[in-house]
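Inspection log for the structure reproduced underneath, given as structure tokens.
The values are calculated or read from the model by the stated rules, or taken from the named source; none is laboratory data. Everything numeric in this text was worked out from a predicted model, so none of it was measured. No Cβ is skipped: glycine too gets one built from the backbone with ideal geometry, and neighbour counts run over all protein chains shown.
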Amino acid sequence: MHHQYDEPVYLISVVSKILDIHPQTLRQYERENLITPARSSGRIRMYSQRDIDKIKLILRLTRELGVNLAGVDIILRLKDNVDEMEDNIAELRHELAKAKNNHSVSPNRALVTKRSTYDMIIFEN
């Protein structure tokens, strides 16, 4: 059976076995707002593959690199910011390529190009 990356399908017991960690560790990560698993109608934690990958990153940062949970929180926030900026850059590049192909720029965007030389104007009296 194939599940979507963001689909919450794993119980806490399954995730703890997959990652070889105690379920209390997962609960602590949730208390620290490092992860936010989905909840079933019965309030049971359900983890997606994205959650598992994020937990793997947290474990690598803490176990292999010695980062404490406060540092992990900062790193994850910075990573989210970088990911968002990369998405914005990709979108802007797409818009720029589209504008170059159309030889026009949308009215709500301005296209500015830099010139590497300066024009000199001399006024004579």
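For this structure, a couple of remarks:
- Matching entry among Arg39, Arg43 (being over 18 Å from the mean Cα position of the chain (by Cα), closer than 30 Å to His2 by Cα, surrounded by fewer than 10 Cβ atoms within 10 Å (Cβ to Cβ) and of a type in the set (Lys, Arg)): Arg43
- Here the helices (runs of 4 or more DSSP H) wholly within the range 1-64 that include at least 2 residues being among the hydroxyl-bearing types (Ser, Thr, Tyr), in contact with a helix residue (DSSP H, G or I) (Cβ under 9 Å, 6 or more places away or on another chain) and under 24 Å from Lys79 (Cβ atoms) are 23-31.
- Hey, Leu76 over 14 Å from the mean Cα position of the chain (by Cα) and over 17 Å from Tyr10 (Cβ atoms) or not: no
- Evaluation of Tyr29 against the conditions (1) surrounded by fewer than 13 Cβ atoms within 10 Å (Cβ to Cβ); (2) among the aromatic types (Phe, Trp, Tyr); (3) over 15 Å from the mean Cα position of the chain (by Cα) shows that the sole unmet condition is (1).
- Figure legend. Inter-residue proximity from the range 32-48: first residues small (Gly, Ala, Ser), second residues exposed (fewer than 11 other Cβ atoms within 10 Å of the Cβ), beta-carbon distance below 8 Å, spacing 6+ or different chains. Indicated pairs: Ser48/Gln4; Ser48/Tyr5; Ser48/Asp6.
- In the range 23-57, the residues that are under 18 Å from Asn68 (Cβ atoms) and β-branched (Val, Ile, Thr): Thr25, Ile35, Ile55
- Yes/no for Arg63 being out of contact with any strand residue (DSSP E or B) (no Cβ under 6 Å at 6 or more places or on another chain), at pLDDT below 95, surrounded by fewer than 16 Cβ atoms within 10 Å (Cβ to Cβ) and over 12 Å from Pro8 (Cβ atoms): no
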